[in-house]
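Trainee: Structure provided below as structure tokens; questions to follow.
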Amino acid sequence: MALSTATYSPTQKGIVISIPTLVLSVSVGAIMLFFLLSSLSTCSCPPSLQSFNDNNNGGGGLGEVDKKERISATQEDIEWIKDQIQANGLHMQDNVLRKGINPRTRAQQLQDLIEFKGISHYEGQSDNHTALPCPGELLVEGHHSNYGEPWAGGRDVFEFLAESSHLTPNSRVLEIGCGTLRVGLHFIRYLIPEHFHCLERDELSLMAAFRYELPSQGLLHKRPLIVRGEDMDFSKFGSGVVYDLIYASAVFLHMPDKLVWVGLERLVSKLKPYDGRIFVSHNIKFCSRLGGEECTKRLASLGLEYSGKHTHDSLLFNHYEIWFEFRRSKA
């Protein structure tokens with residue numbers, strides 16, 4: 001009997017995968033998922049935020065900063081500090097000699113600095129270990145009394161000007177007559193490096209600014225551009241610089257009217273069109289002495305227009321300042 005040969009074809013109802021293959025597949029999948037999640041979780045910070053962080057950490061980068069910080073104290077801030085004083089039961093006491101506190105006048109402090117060679121704690125004769133020697137007259141902060149009013153008034157001026165001009169840390173500011181940086185310190189601290197410029201004529205004030213105020217306030221890394229000069233020559237600040245704010249605090253009072261107008265003419269092209277502001281404090285006799293109509297015409301010929309008069313109250317003492325605002329009326 002002949003045998004017929006048949007071919008066996010099993011019906012395929014499922015896929016059989018061995019355990020080693022299954023383990024390998026799961027491992028590969030886990031590795032791919034890990035790399036995918038890692039790439040998604042990596043922070044890609046915008047340049048503006050990164051530069052802001054670098055700036056706050058004391059870096060010298062000049063990246064753009066878009067964050068708008070609160071400048072003046074809120075009413076809630078003021079109520080908070082009042083509550084802290086009340087909660088601690090504090091009352092102003094006479095500043096007299098008591099345990100751990102030895103009040104001295106500036107003259108007495110200066111005498112000690114001279115007599116004890118800086119109140120050195122080094123034994124015997126030693127070299128001067130001071131990295132940036134500062135004259136005793138500056139160390140006792142005598143220059144803080146140069147303005148006829150409390151040094152704290154500088155913060156008031158900064159708050160008013162910065163908020164009125166809608167400044168951000170990116171903004172560029174020029175002060176005409178920054179003195180010992182009573183106001184300028186606050187702008188320098190707020191702005192990114194190299195964005196504060198100043199023209200100042202007085203050598204003693206400049207020495208106080210460079211040798212005491214900037215180092216003692218930890219602001220050397222901000223690299224403000226402060227130039228000595230008295231002829232309203234702004235060429236050293238660069239031809240391409242455009243400012244968001246230019247201000248003169250009680251400076252134009254001491255200048256001949258002719259020089260003030262020369263300065264304004266030179267400053268117009270350095271002021272940002274429309275949004276930029278020039279603020280002048282106390283009075284604008286250089287303008288009013290011409291007569292209202294004549295002054296308006298002269299401002300217009302320069303491309304400037306008068307925007308109004310403002311007053312700003314001090315936060316700490318009974319005082320306010322008058323400010324006159326101008327803007328560049330055309331590009």
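Trainee: Mean separation of Cα pairs under 8 Å and 6+ residues apart, divided by the residue count of segment 192-253: what relative contact order is that in percent? Can you show the working numbers first?
Mentor: Values: 43 pairs, mean separation 27.0, N = 62.
44 percent.
Trainee: Quick check: from the Cα gyration tensor, does segment 223-331 come out rounded (a/c under 1.5), prolate or oblate? Provide the component values of the computation, followed by the final result.
Mentor: Working: a/c = 1.40, a/b = 1.10, b/c = 1.27.
The shape class here is rounded.
Trainee: Quick one: which of 281-288, 90-97 comes out on top by average Cβ neighbours within 10 Å, and what's the full order, highest first?
Mentor: Details: 281-288: 17.0, 90-97: 7.1.
Taking the mean over residues of other Cβ atoms within 10 Å, the ranking is 281-288, 90-97.
Trainee: Moving to a separate point now. Using only the alpha-carbon atoms, what does segment 85-218 span along each of its principal axes? Please give whole angstrom values in decreasing order.
Mentor: The Cα atoms of segment 85-218 stretch 52, 46, 26 Å along their principal axes.
Trainee: Listed highest first by mean packing, meaning other Cβ atoms within 10 Å per residue, what order do 270-277, 102-109, 223-230, 191-198 come in?
Mentor: Sorting 270-277, 102-109, 223-230, 191-198 by mean packing, highest first, produces 191-198, 270-277, 223-230, 102-109.
Trainee: Work out from phi, with θ = phi - 60° and the Karplus expression 6.51 cos²θ - 1.76 cosθ + 1.60, the ³J(HN,Hα) of each residue of segment 239-255, listed in order in whole Hz, and give x for Gly and Pro.
Mentor: Each residue of segment 239-255 in turn: 7, x, 7, 10, 9, 7, 9, 10, 9, 9, 9, 6, 8, 5, 4, 9, 10 Hz.
Trainee: Over 22 Å between Cα atoms, which of K272/K309; K297/K330; K222/K330 qualify? Working shown, then result.
Mentor: On the way: K272/K309 20 Å; K297/K330 15 Å; K222/K330 32 Å.
Pairs exceeding 22 Å: K222/K330.
Rule-based calculations on the coordinates, nothing more; no lab input. Keep in mind the model is a prediction, meaning the values are calculated, not measured. Quick reminder, even Gly has a Cβ in these numbers, built from the backbone with ideal geometry, and neighbours come from all protein chains shown.
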